[in-house]
Each structure stands twice: as C-alpha cells, then as structure tokens.
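Notes for the one structure printed next.
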Amino acid sequence: MTLGVLAVLAMAFVMFAGFWTDWLWYRSVEYSSVFTTTLWTKIGLFLVFGLLMALAVGLNIWLAHRLRPPLSAMSLEQQSLDRYRMSVAPFKKWVLLAITALVGLIAGASASGQWRTWLMYVNGVPFGQKDPQFELDVAFYAFDLPWYRFLLGFGFAAAVLSLIAAALTHYLYGGLRITSPGARATGAATGHLSVLLGIFVSLKAVAYWLDRYGLAVKSSDFKATDNWTGLRYVDANAYLPAKTILFCIAVICAVLFFATLWRRTWQLPVIGFGLMVLSAILIGGLYPAIVQKFQVQPNEQAKEAEFIQKNIDATRDAYDIDDAKVDDYTGTSTTEDSAKLRAGADAAASYRVMDPNVVSPAFQQLQQKRNYYQFPKTLDVDRYKGADGKEQDTVIGLRELNLDGLPKRNWINDHFTYTHGYGAIAARGTTTGTNPVGSPDFTESGLPTTGELDKGYEQRIYYGEKTEQYSIVGGPQKELDYEQDGEKTTSYKGDSGVSLSNAFNRAAYAVSFSEPQILYSGAIGDGSRILYNRTPKERVEAVAPWLTIDGDAYPVVVGKRIQWVVDAYTTTNGYPYASRTTLGDTTADSLTTNQRAVVAQQNQVNYIRNSVKATVDAYDGTVKLYEWDTEDPVLKTWRKAFPGTVEPRADIPQDLMDHLRYPQDLFKVQRELLTRYHVEDPRQFYSGSDAWQVPDDPTNKEPGSVPPYYLSMKMPGQETQTFSLTTTFTPKGRPNLGAFMAVDADAASKDYGTIRLLRVTSTVKGPGQVQSELNGNDDVAEFVRNLKGTDSDIEYGNLLTVPLDGGFLYIEPVYTRGGTQNYPLLRKVAASYGSKIVFENSLGEALNAVFGVEDSDTPTPPTEPDEPGDTTEPPATGDAALKKAIADAQKAYTAGEKALQEQDWEAYGKAQADLEAALKRAAAAQPEAGGSGAGGSGGDAAGAGGADAEKAGADEADAVKADAAASDGSGGEAGDRSS
C-alpha cells in the first residue's frame, strides 16, 4: 500500500513539475499574466466544452435507457443480447460515467486548443473596413467567423456522438430491431432519434448559411493567380444563391424530423432528407459547374474582371503594399560623360564589399580567440557611427558560447563553468583590413573588445542565438569569464533566471530537465539561478505566443548593453478577398536555415503587419515588446487580451530607434506578392503578361531565391543615400532584369516603409546573366586557373544591384579561401554597367575600369626603400649596378618565397614588384658592364643572363600583376598568388 501511494505521488509530481517550472519561468521574466491568462482560458474552454459534450452524450444514453420497451416477450434477437444486458446491469452507472468522462475529456482537450480563437472573438476590434460583397467589417471574418465555425464543428460532433450512443442503447434494450419481425423501432425510439437527426439537420442549415460568408475567404485554383481567395463570378452568381436555397431546404427538413414526435413516422423526414441531399448535388454542385462552363469560360476575362479587381485591392491592403510606387525605368544610360557616371557611382551607394553571408569564417578565425566561442554563420548588417561621427554600414556578430569547443565536456563544465559568450565584433562594410590584406576592417575587436562601439558596455552574452543549453549561475561554482593573461572568473549578477535555493524548485527542475544531479549537486547552493529558454526568438515566442517571429534576430549595442532586436508580426488568414501565402515557403531563400526560419503561429496567412519590435537583453534576458504599428486592429485585439504586455511606441529609446530596421521576412512576403500584384489593371492581371519572379541566387551553389540585401543607397528621385532593403525581379520565365525593388529600411526616417519599384522597360541583363558573364570572363578564368595548386577556392559575395543614371550598376566582391588561412579574404571586385564587365583588384579600380576613367585623385604611393638607409646611397653604375641588381633580385625572390609560405599577400605583391624592378635594372646595366677580352665576355654573359632573367621576370611579373596592385582604400588590396 505504501509503495502504491508513493508511486501515485511520484507520478503526480512528475505531471506537476512541468506546470510549476513554466510558472516560475514566466514569473522570472515578469510575464506571469501571459501564463495565467492562457492557462485560465484553456481550463475554462476545457471545462465548458468537456462538460457540454459529456452532458450531451450522457443525457441521451440515460434517456434511451429510460425509454426502453418492456422485455417480457423478447424476440430471439433480444434473447441473444440478453447476456450483454446482464453483464452491463450491475455497472450501469459506472459505464455511463466512464463513457461520458471519456468523451468529455477528448472534447475538452480539443476545445482548449482553441484558446487563441476564443480570445480573438471576445476581444476583437473592428478593422473599420468592410468587405465588398456582404458589407461586413473585416473583423467578422478575422475574429468572429473562426469561432462560429468551431462552435458549429463542436455541435456536429456532439450530435453525431449522441446519435450513435442513443442508437446503440436503444438497440441493446430493444427499442430498435434489425432482424425481428414487426416494427423496427418503438415510438419512443423513433421520436428520440428523430429529434437528434433534426438537430443535426438544423446544424447543417446553419453551416449552409455560414458557408455564404465563407466564400469571401475561400481559397481556390484560378488561372489569374495561385492561392486565389474570395468570390469569383461563379461564386457570386451560382454558389451564393445555391447556399441560400439549401439553407431553406435544410430548415424545412429539420422541421419534418421534429414533427415525428407527433406523427411517429419517418416517411416525410426521410423524403425531405433525400431531397436535401439531391438538392445539394444538383444546386450546390451541378448548377455552378454549368454556369462556369457555359457562362464564364467563353468570356472569362470579362466575367471575372470585377472580382479580380476586388482581389487586387484587398491583397494589396492586407499585405501593406497598396502604396508601393511603380515607376518605369529605361535600364540604359544616355550619359556619355564617363567622369560624370563615375562621380554618380560614388554618390549612388555605399557599396558593401564585406558580405555578411561570406565573411563569418574570417570573424571566426581572426576574432574567435578561444575554441569555445563561435559566430553565427550569417552575420548582420547595421549602422554605427565611425570615428568621423558619420554613420556607416557595419557588419556585426556576437562572440557566443560554443560548448563543442570545450577542452573537456562534463556536466560542470557544460552548465556551470562555461556559461556565456563575450563581446560584439564589428567591421566596416565598405572597406577591408590589412592584417591580413582583404580581411574585415574591424571597428570593434579583441577580448575584451575595444573600438568604436559604445564605451564600457556589458560584454557578457548569456542570451544568444547559439545559446540553447541551460546554465546554473550565481552559486558557489565560479564561471569562466574569459582568458587573457590567465583565466578570469566571474559570478552572474543579473536578475534573470529562476532561483534554485529551495529543494522543491530543484526537484521540479530535476524532473523537468531529466537531470537528477540538479537535486543533489554540491555546485548548487544559495544564490544559484537556472537560465534557460535563452535564444531571443524562443523568449519572445514564449512571452507573446500570439505573434509570428521573424527568422533573423540581430544584435545592437545601445545603452551600455547588447540588445537583441526581434521583429514580430500579427497575422490572420481571414481577410476577405486577399490571396493567401505560405510563410514557410515565401520567406525561404538561399540562406535560410532552421535557425533563420520564421516562427509562425499559422503558416497560411493573408494578412500581415510588423506590429511589434521586441528586444531581449543579452546579459539578463529582459524581454520588452514595443508597439510599432499603432493602427493594426489585430495588435489592438491582442493587447486587449493581454493588457500591459506591449509597451507604447513612444517608449522606444532613441538610441534603439536608430538601429531598428525594416524586417527581412516581411519584405520577402511583400516581394513575392508584388511579382503579380504590382499590376492593378484586372485585364492585364488576368493575362499575366507583366508577371515577375524572384530570381535564384546566382552566387550560391545551393538552390534558393536570391536573399534581399541591406544597403545604403539612393533611388531615382532621392537626394541622399538611405539605409534600404533591396531585391531584383526577372520577368516570368526569362533571365533578364524585370524590375528592382527597394524599401526605406531606416526606422528613424520619415519615409520608413516606403516601397519603390522600378519597372525596367528595356532589355537589361539580370543577375544570373551577369554572373554567367563574369564566370566566363577571361580575367576571371585566368584568376581561377592561377588558384590551382594553392589549395584556394574562389568564393563569390553578394551581387549588389544599384540604379544609376537610367542604368543598373552591378557590384560583386570576390573572395579566395584556402591554404593556411582557411577563411575568405577579399581579392577582387567585379563590376558591370551596360554591356561592360570588369574584374579588378579593388572597388575603386573596378569603378574606374567599368566607366573607363582614370583615378586622378588617387595619390601615387612613395617607393619604399629596400632597407633603412638605402635612400641615401648613390645609384650604382656599370658592374656595380649589375651586381646590385642581381643581388636585389635574389633578395626579392627570397622574400617572395617566404611571403608565399606565410600567405602574406601584401608582402608577396611587394616582393614581386621589387623582383621585376631589379631584373629591369640588371638588363639596363648590361651594356655598361661589357668590355674586351675576358671582361667583355663576362659582361656579355652577364648581359645575356640579365636579359634572360628580365624576360623570365617579366613573364612572372605579368602573371602576378594582381598581387602587385596596391589597395586604393576602397576595399581593394594586393591580389592572390596567380602562378
């Protein structure tokens, strides 16, 4: 008995532990109201609908039993059932309770999952906009109709289960007969079952009536567009009147079933039911098919024009693209002044040659410092002020914890000693560094970090995208802070996490995390706190389960802290006439991973707003939700349901506002819709003659759409550069450029969110065509050939597209990766404008070459002496000159080989230039060294040797021109080894 009681208590505690730890976590982040509101809503729905289902089924079983006929003259059929009645008789009450409890539990559990539907229904806020068919507010379709459909579905389930239970009970006790002679059912059974059938048919009548409104949010296949939503001609002129007629027939049929209480015959209701089924086939199926075949198809474009226009208007409004401006753009420049184009290129954009999707390994190699740190695979782009006080595009990533890199893995190391990352690392997006050449130009680096970011900010990162394990901090066990001239230790001082000071909490977490050591470990004591749910998206999703979370959280350094910014969306799939989209598919591109995937509450949506900007403190995990879209009725509805959880927009600090940006996932959804919905004329929309598509990423080996790029640039008509999010389109089924799209992504700008579209009116090379031309370029081919044997591979960066003087300028950084430094270094920059494509050592050289101008503003670098003091040595002549030239050539060759082994490309380029110069001096000195006799012969030999050496050196020098090219400060540098 004791063991049994203990086992029951243990099972109860296991079930309770999950609930208790959830409550403790929500209380620790100060969002306990979310937990309680959600919990009580689920409990209420469970109890109400579980009780209703249990009562419905139980009452009908009890009533069928009460209406059983006397069994004094049992038929053979009833005698065969007698043993079942006898076995049930002693336990009738318990059987009844068991059946009702089972169906009640199932129904209650199903109903509790509708907590979002219920909260939206009771807190719904009007949209202030009516649908064009029924003149009902959009809130009816978004908030009310889903709840009515749930109630209807529950009613059908209750009616069907009650009907089955009553029929079985009547059969068991003789009210229904199958094989016995005489009447098949008693009058009582007939009346009872007829009422239940009448209820079922009444619910069907309600379903027909709701189906009328459901046509406004119904999805269907249509030639004009995929995922069409809303009424079409056949819906408005055939299905809609059919549903109304079927509603009336169903009401009449239900009355006939109820009338059997007095008539005691099923003849009329069965006939009525058969007519209803026949009407559903003829009126609800055959008639609309005839209308579609003979009225719509012969002139579908004209018939559907009115409904296509409604769909266009609703879709553009639902996805917030109704103000997207579409301007025609020739795509070709008429300016012949190369100098003007070159100057315009400098002003058009701040070309980001540091691709955040490529340079993460460089951050890892140069700034990882310890194996137990890591950077995300894809870094983020933000804006920070440089030393000159001007904003610049910056590539940034956090040095997060990587447990796989620990020198020794065990429970103490994993959860007590190594608990946090350290520091934000940032680099300029438009320039490169020189150590080594082509590496990121870091503005914040080191361990601890120093540089241009906020001085004295908290560098410890306890919450991050890579921090998925739990940590126990603040107790007797010290944490490793960082290693710099010895190990530095720390103890967590934040308020985050749940206290483990009492045994009950420790036991609960030991059970919840399936880790018994939490209960008895001596490393846990007074002050110990457990940190979990540590990724930014995970925390925001937990405190706001009604939001859809953007796939890319990004870090910002503001207010002496590192904050993660998480964009969040409100969505619905109940916006009338707006076409639906699948978030998982629409937001996927060539860079999408599980970590960067959108976290969607519902995958199919037809309304979306970036209504909330959330922040997560990287040190103490504090979550703040800020209202962003002040007009969104869906957000207003959720704020009513969860009061106090979302702070007003006015409370956003200004230093945080400076770093907020337009979210990528929303942009990707909008660009996918704009491939069709940039067309506002219904006839042109139907024909699809101006449809676009998002091109595949030409720089990525993996399949997928080209990702949008953040870039400071100016569109035609803008006077200054603006931080923007950009993308390209190609015509449907064709590779040339069809359109260019940019949105003002700077949250502090008055034009934030303004979408601008340039429709290309001439034939212009698309991204894929530019990449193909670049791959086939002779300079690129030679560059790739010369990489063979160096264990290096070429790696293409983001192909940036910038409108310039009527045409489009393409810029693409090119990296090499391999050798002893297994991370990408910027080696070349490709540029394309019009029909010309170039491949140069730096951004400045590429722009000069593509426009055919000389960079007269670039100062000529002074010639560096070979050795200190060489500048004062008088130039040698004759034999002395020849000997010195040969000695210098040998020294340059040795220096080059050494630089090659060390992969120091800057030194290698200088050595090759020195070698070429020395060989030329040797050839020039040869005639002066010639003479008669032995001396002359020796001089001739030397001269011949010098000439041969010059030829060999010239060949070598030609092969390494890229290596000898010096950086112009615009992102270029000495090239890679080419032989």
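The values are calculated or read from the model by the stated rules, or taken from the named source; none is laboratory data. Remember, predicted model here, so these are calculated numbers, not experimental data. Don't worry about glycine lacking a Cβ; one is built from the backbone with ideal geometry, like all the others, and counts go over all protein chains shown.
Starting from residues that are in a loop (DSSP other than H, G, I, E, B) and at pLDDT 90 or above, keep the ones in region 223-241 and report whichever is farthest from Glu306 (Cα to Cα).
My answer is Gly230.
Which one is surrounded by the fewest Cβ atoms within 10 Å (Cβ to Cβ), of the residues in region 585-621 that are at pLDDT below 95 and of a type in the set (Ser, Thr, Tyr)?
Thr593
What pairs come up if the first residue lies in region 382-404 and is closer than 20 Å to Arg460 by Cβ, the second is charged (D, E, K, R) and assigned to a strand (DSSP E or B), and their beta carbons are under 6 Å apart, counting only those six or more places apart or on different chains?
Sorted first by the residue in region 382-404, then by its partner, the pairs are Ile396/Asp380; Ile396/Asp382.
Here is a yes/no grid of residues against (1) assigned by TED's automatic domain parsing to the domain that holds Asp328; (2) surrounded by fewer than 21 Cβ atoms within 10 Å (Cβ to Cβ); (3) within 17 Å of Lys714 (Cα to Cα); (4) out of contact with any Ser or Thr (no Cβ under 7 Å at 6 or more places or on another chain):
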position	(1), (2), (3), (4)
Gly789	yes, yes, no, yes
Ser792	yes, no, no, no
Thr801	yes, no, yes, no
Gly806	yes, yes, yes, no
Leu809	yes, no, yes, yes
Thr816	yes, no, no, no
Gly819	yes, yes, no, no
Val829	yes, no, no, no
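Go through region 95-116 and count every residue that is under 17 Å from Phe156 (Cβ atoms) and either over 43 Å from the mean Cα position of the chain (by Cα) or among the hydrophobic types (A, V, I, L, M, F, W, C) (or both).
Going through region 95-116 one residue at a time, the tally reaches 4.
Looking at region 252-311 only, could you name the residues that are farther than 22 Å from Leu215 by Cα, free of Cβ contacts under 8 Å to residues at least 60 places away in the same chain and basic (Lys, Arg)?
Arg263
Are there any pairs with C-beta distances below 7 angstrom linking a residue in region 319-345 that is without any contact (Cβ under 8 Å) to a residue 40 or more places away in the chain to a residue that is assigned to a helix (DSSP H, G or I) and surrounded by 13 or more Cβ atoms within 10 Å (Cβ to Cβ), with the two at least 6 apart or on different chains, and if so which?
Taking only residues 6 or more apart or on different chains, the pairs are Asp322/Arg316.
Does Ser521 meet the test of being touching a helix residue (DSSP H, G or I) at 6+ places or on another chain (Cβ under 7 Å) and of a type in the set (Ser, Thr, Tyr)?
No.
Could you run through region 367-388 and say how many residues are in contact with a Ser or Thr (Cβ under 6 Å, 6 or more places away or on another chain) and either surrounded by fewer than 21 Cβ atoms within 10 Å (Cβ to Cβ) or assigned to a loop (DSSP other than H, G, I, E, B) (or both)?
3
Please find, among Leu119, Leu145, Leu176, the residue that is surrounded by 15 or more Cβ atoms within 10 Å (Cβ to Cβ), farther than 30 Å from Arg316 by Cβ and either in contact with a Ser or Thr (Cβ under 9 Å, 6 or more places away or on another chain) or at pLDDT 95 or above (or both).
Leu176
Only one of these is of a type in the set (D, E, K, R) and part of a loop (DSSP other than H, G, I, E, B): Glu773, Glu854, Glu782, Glu812. Name it.
Among Glu773, Glu854, Glu782, Glu812, only Glu854 is of a type in the set (D, E, K, R) and part of a loop (DSSP other than H, G, I, E, B).
Could you check how many residues of region 437-460 are assigned to a loop (DSSP other than H, G, I, E, B), modelled with pLDDT under 90 and buried (at least 21 other Cβ atoms within 10 Å of the Cβ)?
1
Determine whether region 298-313 contains at least one residue that is at pLDDT below 90, surrounded by fewer than 17 Cβ atoms within 10 Å (Cβ to Cβ) and of a type in the set (Gly, Ala, Ser).
Among the residues of region 298-313, not one is at pLDDT below 90, surrounded by fewer than 17 Cβ atoms within 10 Å (Cβ to Cβ) and of a type in the set (Gly, Ala, Ser), which makes the answer no.
All but one of (1) assigned by TED's automatic domain parsing to the domain that holds Val556; (2) surrounded by 17 or more Cβ atoms within 10 Å (Cβ to Cβ); (3) touching a Ser or Thr at 6+ places or on another chain (Cβ under 8 Å) hold for Gly644; state the number of the condition that does not hold.
(2)
For region 784-793, which residues satisfy the criterion of being closer than 20 Å to Asn700 by Cβ and either in contact with a strand residue (DSSP E or B) (Cβ under 6 Å, 6 or more places away or on another chain) or of a type in the set (Phe, Trp, Tyr) (or both)?
The answer is Val784, Ser792, Asp793.
Counting just the residues of region 549-584 that are without any contact (Cβ under 8 Å) to a residue 60 or more places away in the chain and small (Gly, Ala, Ser), which one comes out surrounded by the most Cβ atoms within 10 Å (Cβ to Cβ)?
Ala568
Would you confirm whether any residue within region 277-284 is of a type in the set (S, T, N, Q), surrounded by fewer than 20 Cβ atoms within 10 Å (Cβ to Cβ) and touching a Leu at 6+ places or on another chain (Cβ under 9 Å)?
So far as region 277-284 goes, yes, one or more of its residues are of a type in the set (S, T, N, Q), surrounded by fewer than 20 Cβ atoms within 10 Å (Cβ to Cβ) and touching a Leu at 6+ places or on another chain (Cβ under 9 Å).
Going residue by residue through region 702-724, is there one that turns out to be under 19 Å from Arg580 (Cβ atoms), surrounded by 22 or more Cβ atoms within 10 Å (Cβ to Cβ), of a type in the set (Phe, Trp, Tyr) and modelled with pLDDT of 90 or more?
no
Name the single residue that is surrounded by the fewest Cβ atoms within 10 Å (Cβ to Cβ) among those in region 738-773 being of a type in the set (A, V, I, L, M, F, W, C) and within 30 Å of Ile794 (Cα to Cα).
Once the filter is applied, the top-ranked residue is Val764.
Looking at Lys218, Lys204, can you tell me which residue is surrounded by fewer than 19 Cβ atoms within 10 Å (Cβ to Cβ) and either within 30 Å of Tyr686 (Cβ to Cβ) or touching a Phe, Trp or Tyr at 6+ places or on another chain (Cβ under 9 Å) (or both)?
Among Lys218, Lys204, only Lys218 is surrounded by fewer than 19 Cβ atoms within 10 Å (Cβ to Cβ) and either within 30 Å of Tyr686 (Cβ to Cβ) or touching a Phe, Trp or Tyr at 6+ places or on another chain (Cβ under 9 Å) (or both).
Taking the condition at negative phi and crowded, with 21+ Cβ neighbours inside 10 Å, does Ala165 pass?
yes
Take residues that are at pLDDT below 95 and among the polar types (S, T, N, Q) and tell me which of the strands (runs of 3 or more DSSP E) falling wholly in region 469-545 contain 2 or more.
Here the list reads 487-490.
Across region 690-718, what is the number of residues that are farther than 17 Å from Asp327 by Cα and either part of a loop (DSSP other than H, G, I, E, B) or of a type in the set (Ser, Thr, Tyr) (or both)?
17
Among residues belonging to region 774-783 that are surrounded by fewer than 17 Cβ atoms within 10 Å (Cβ to Cβ) and farther than 30 Å from Thr335 by Cβ, point out the one that is farthest from the chain's Cα centre (by Cα).
Residue satisfying both the conditions and the ranking: Glu782.
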